[in-house]
Amino acid sequence: MANSKYEYVKSFEVQDKIMLPTLIVVVIDGQNFRRFSEVHKFEKPRDRKALDLMISCAAAVMEEYADIIFSYGYSDEFSFILKKESKFYQRRGSKILSLLVSFFTSVYTIKWKDFFPHQKLLYAPSFHAQIIQCPTLEVLQTYLAWRQNDCHLNNLYDTCYWKLFEREKSETKAHGRLKIEEVVKYKENGDPIKRLRKKMMEVHSDNIAGKSFWNQHSSLLSELGRFEVDIHKIRPEYVESFLFQDKLMLSTWIVVRIDGCHFHRFSDIHKFEKPNDEKALKLMNACAAALLEEFQDITFAYGVSDEFSFVVKKESKFYERQPSAIVSTMVSFFSTMYISKWNEFFPETELNYPPSFDGRAVCYPSSKILRDYLSWRQVDCHINNQYNTCFWMLVDSVKSKREAQNYLKGTQTQEKNDLLARNGIDYNALPDIFRRGSSIFRDKENKTLMEVNCAEDSRKKIVIEHCNIIDDDFWDSHPWILGDKLPLESANTRAMKRTIG
């Protein structure tokens, strides 16, 4: 991160590390999937293709993240269990939760056509997630028994509800692991490079929480532990006592910041232009605008490169201010939109693998501190963009990346500007979208600029600007964004200027 006077805002970020030896379970649920299934005409009471799609997504998640040792799912829900000694993203709850739900959503959107080739995806699917912290293996065992029993009861209810007369046994699924040797790449001379890779194993069992199932799988024993007894009585209230639902402080601004995960690699593979790819930036803007359209409690968004910060109004009761629900839902929706809109911006570039994003929610107690946060992000935008412009200019002039880094080490703003000027680049003449980032909001005054998904109410058009949000002028001109009244002096001054003009 770049250094600036606004960096003090980082002190408002709360560490959400989950301490060892707590077992981590991430539960991913479909968001409003009852409506989703009706709109897409899923078979009742169960659609086998829809279930297979969910299973395929869960398997992809386990393939991608080796720390996930077991998963169990039914209907539109999947639980993922991390190995007990996992240091996955150093056990930061928000990072783990948002990353998994983002990747799951991306895979679901991409794989849809494989399972429903004749059914168009009519609107963006999204999921929300939460973390269950299991202090002991006994709690985990009880949790699994609870979820499988819930599967059985729901399946029984749905079968009766839809008046199916044929008896149908509920199918349960669990995913263990097998190691096999695979070719992962090739040497320059064509020789294959082989490594041991973990492959998914789909297992059917009537009782995944029973000793007979669990203790026969060595991977589960080594990574999680042995079940010593069978559970004969399920107590949901016991498990639910471990479902921590913390809430963000009332009367504070909530900022949900979404970041691309490993987007350096993603941009290289998809051949984004350096130092800035305008199409990629506009794709991010379109996704952010879609979030403002979908979630009315978002009042402002600011983005640069592969990150976006969404400001949720301070009086919001969005998901009862539960950070896991807010973050996971927004990250999931953003991920879906990114894939859905990809072809609009990159019609000739195939999406080679699912992108993923992580997110976090931070509370800021005042409008001043919120503005300082946004100023910090815009200062960071300028510093990083100036550095990257110099860096790629040097690389293009036949310097290696290491040479370019060494050349720029310790240089100040003016030195970088002089370097660019000597090579015929006026930094201040570069497009504002590169230098200032993108601000997205509902413009009640109907200014010009780009309109995205205009609402019927003309006072609430969503617009994108590339402007200075550090100085007061922007906020004086758009007082409704932070719920401030228009200062009398500023209003009179602008009225005078309009009269003179």
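For region 271-291, which residues satisfy the criterion of being surrounded by fewer than 11 Cβ atoms within 10 Å (Cβ to Cβ) and without any contact (Cβ under 8 Å) to a residue 40 or more places away in the chain?
None; the set is empty.
For region 74-86, the tally of residues that are at pLDDT 95 or above and surrounded by fewer than 18 Cβ atoms within 10 Å (Cβ to Cβ) stands at 0.
Restricting attention to region 243-257, the residues that are out of contact with any Leu (no Cβ under 9 Å at 6 or more places or on another chain), farther than 30 Å from Leu140 by Cβ and not hydroxyl-bearing (Ser, Thr, Tyr) total 3.
Can we say Ile110 is touching a residue at least 12 places away in the same chain (Cβ under 8 Å), within 23 Å of the chain's Cα centre (by Cα) and within 26 Å of Arg226 (Cα to Cα)? It is false that Ile110 is touching a residue at least 12 places away in the same chain (Cβ under 8 Å), within 23 Å of the chain's Cα centre (by Cα) and within 26 Å of Arg226 (Cα to Cα).
Just to verify a result, which residue in region 236-249, among those that are in contact with a helix residue (DSSP H, G or I) (Cβ under 7 Å, 6 or more places away or on another chain) and assigned to a loop (DSSP other than H, G, I, E, B), is surrounded by the most Cβ atoms within 10 Å (Cβ to Cβ)? That would be Leu248. Looking at Asp259, Asp268, can you tell me which residue is without any contact (Cβ under 8 Å) to a residue 12 or more places away in the chain, within 22 Å of Ile383 (Cα to Cα) and under 21 Å from the mean Cα position of the chain (by Cα)? Every option except Asp268 fails the conditions. The single condition from (1) in contact (Cβ under 8 Å) with a residue 12 or more places away in the chain; (2) not in a helix (DSSP H, G or I) that Thr105 fails is (2). Among the candidates Ser37, Ser71, Ser4, Ser98, the residue that is buried (at least 19 other Cβ atoms within 10 Å of the Cβ) and over 18 Å from the mean Cα position of the chain (by Cα) is uniquely Ser71.
Please find, among Asp297, Asp306, Asp358, Asp372, the residue that is modelled with pLDDT of 95 or more and buried (at least 22 other Cβ atoms within 10 Å of the Cβ). Steps first, please.
Values: Asp297 fails: buried (at least 22 other Cβ atoms within 10 Å of the Cβ); Asp306 fails: buried (at least 22 other Cβ atoms within 10 Å of the Cβ); Asp372 fails: buried (at least 22 other Cβ atoms within 10 Å of the Cβ).
One residue alone meets the criteria, Asp358.
The values are calculated or read from the model by the stated rules, or taken from the named source; none is laboratory data. All figures in this text were calculated on a predicted structure; none of them were measured in a lab. Positions of Cβ are generated from backbone atoms using ideal geometry, with glycine treated the same way; all protein chains shown enter the neighbour counts.
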